[in-house]
Amino acid sequence: MRALRITIAAAVVTAAVAGLQQLASGTPDPLRVEITIRYSGFEPSALSVPRGVPVTFVLVNRDPIGHEWLIGDESFHDRHRHGTEPKHGERPNEVTIPPLGRTETTLTFERSGTVRFICHLPGHEAYGMVGVLTVT
């Protein structure tokens with residue numbers, strides 16, 4: 001019983017020290033948000049995240065075909081609607097998710113407002129693969 005109490009106390013102290021180190025560094029832990037792709041749609045298709053906080057998007061593709069998740073303002077999407085890039089991955093806001101795959105990407109939004117995430121593969125946006133992210 002005493003060993004259990006010591007183990008619990010050590011875990012509490014470790015968590016407290018990690019929290020203080022995080023506060024001291026000024027870097028918050030990323031917020032994790034899961035978006036599931038199913039039947040060529042995003043679930044959820046509307047999200048809200050705080051400004052200035054890292055957000056790790058966990059993108060889970062339940063479809064037997066690949067998709068992409070591109071997030072940005074309207075000029076960004078205008079550039080990608082007729083793009084020629086078959087794969088993404090070099091930029092955290094341009095992600096390719098393989099069939100039945102899972103991908104993570106982390107972004108920090110510095111300005112409040114609304115951006116959209118869209119799959120720009122042929123016909124997917126017209127089919128409804130569009131979501132809205134509000135940064136508060």
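Which net charge results when you count Lys and Arg as +1 and Asp and Glu as -1 among the other residues whose beta-carbon is under 15 Å from that of Phe57?
-2
Between Glu43 and His82, what is the spin-label point distance in nm, taking each point 7 Å from the Cα along the Cα→C-beta axis?
3.5
In nanometres, what is the gap between the two model label sites at Glu90 and Val33, each 7 Å from Cα along Cα-to-Cβ?
It is 2.6 nm.
Could you run the Karplus curve 6.51 cos²θ - 1.76 cosθ + 1.60 with θ = phi - 60° over the stretch 111-121 and give me ³J(HN,Hα) per residue in whole Hz, x for Gly and Pro?
So the J values, rounded to whole Hz, are 10, 6, x, 10, 10, 10, 10, 9, 9, 9, 5.
For Val132, which sequence-distant residues (separation of 5 or more, or a different chain) have an amide H within less than 5 Å of its own amide H, given hydrogens modelled in the peptide plane?
Ala46, Leu47, Phe117
Could you work out how far apart the two model spin labels at Val130 and Thr106 are, taking each label as a point 7 Å from the Cα in the direction of the beta carbon, and quote it in nm?
Each label point lies 7 Å from its Cα, and together they span 3.2 nm.
Taking the stretch 31-112 as the region of interest, what is the percent of Cα-Cα pairs per 5 angstrom bin, listed from the shortest bin to the one with the maximum distance?
Result, from short to long distances: 3, 14, 24, 26, 22, 9, 2, 0 percent.
Going through the stretch 51-136, which GluC sites (Glu not before Pro) have at most 14 other Cβ atoms within 10 Å and a DSSP loop state?
Glu90, Glu110
Values quoted throughout were computed directly from the atomic coordinates according to the rules given, and no laboratory measurement underlies them. Keep in mind that what you see is a predicted model, and the values were worked out from it rather than measured. Glycine gets a Cβ as well: all are built from the backbone with ideal geometry, and neighbour counts include every protein chain shown.
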